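Heads up, the thing below is written out as structure tokens.
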């Protein structure tokens, strides 16, 4: 039985390696899916490989690593269909490929599983933040913040930036200050707070410029 599983495992990854990237991007392995027994695969091993390739993509920017990571995350979602982490990672990979519809599909699937998951909400918010849809971004960032990510530097910085764009200066200052306490090497944050405090905000051109 062990030899049988090993053979299937090897054949499966040979199959995945020759699939065109288009089929992976469109949800992967559709016409071969009935041939695959996901129960024989070691989900943690595949997830570790997916994380490795995603990290390689983030380090190098080489899209070949992203495509490999995407295909492996897809496999993990088949092995663990209600686990949020691999689905979020798959959504992030689609986001990086500018396949917005597929990214949102997986983000929304995760949201239906657990609306309060901070990892999901941070990256769902980041999806909208990168597209300058700040109202939606803030919605998800706030959920992440109130469910365990209140001491994340990047999250506080992005929330502060959004509040500044929305002209809510007290909240912007609060989150800029908090970001600074989490990363005091970034002295620009202290300067940012002083800059905001010194403004006659309503009568300046600052509001129009910061919204861009």
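What follows is calculated from the coordinates using simple rules that are stated; it is not laboratory data. Not measured: the values here are computed from a predicted model. Ideal geometry is used to build each Cβ from the backbone, glycine not excepted, and the neighbour counts take in all protein chains shown.
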Considering only the stretch 98-110, how many residues are under 13 Å from the mean Cα position of the chain (by Cα) and closer than 11 Å to residue 88 by Cβ? 4
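Given the criteria in contact (Cβ under 8 Å) with a residue 24 or more places away in the chain and either surrounded by fewer than 20 Cβ atoms within 10 Å (Cβ to Cβ) or closer than 28 Å to residue 82 by Cα (or both), does residue 115 qualify? Don't jump to the end; show me each part of the working.
Working: in contact (Cβ under 8 Å) with a residue 24 or more places away in the chain: yes; either surrounded by fewer than 20 Cβ atoms within 10 Å (Cβ to Cβ) or closer than 28 Å to residue 82 by Cα (or both): yes.
Yes, satisfied.
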For the stretch 64-76, check the following and say yes or no: at least one residue is touching a residue at least 24 places away in the same chain (Cβ under 8 Å), within 21 Å of residue 145 (Cβ to Cβ) and buried (at least 23 other Cβ atoms within 10 Å of the Cβ). no
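Looking at the stretch 137-158, which of the residues that are assigned to a helix (DSSP H, G or I) and surrounded by fewer than 17 Cβ atoms within 10 Å (Cβ to Cβ) is nearest to the chain's Cα centre (by Cα)?
At the first step, the residues of the stretch 137-158 found to be assigned to a helix (DSSP H, G or I) are 137-149, 153-158.
After this cut, where a residue has to be surrounded by fewer than 17 Cβ atoms within 10 Å (Cβ to Cβ) as well, the list is 139, 142, 146, 148, 153-154.
Numbers: 139: 15, 142: 15, 146: 18, 148: 16, 153: 16, 154: 13 Å.
That would be 154.
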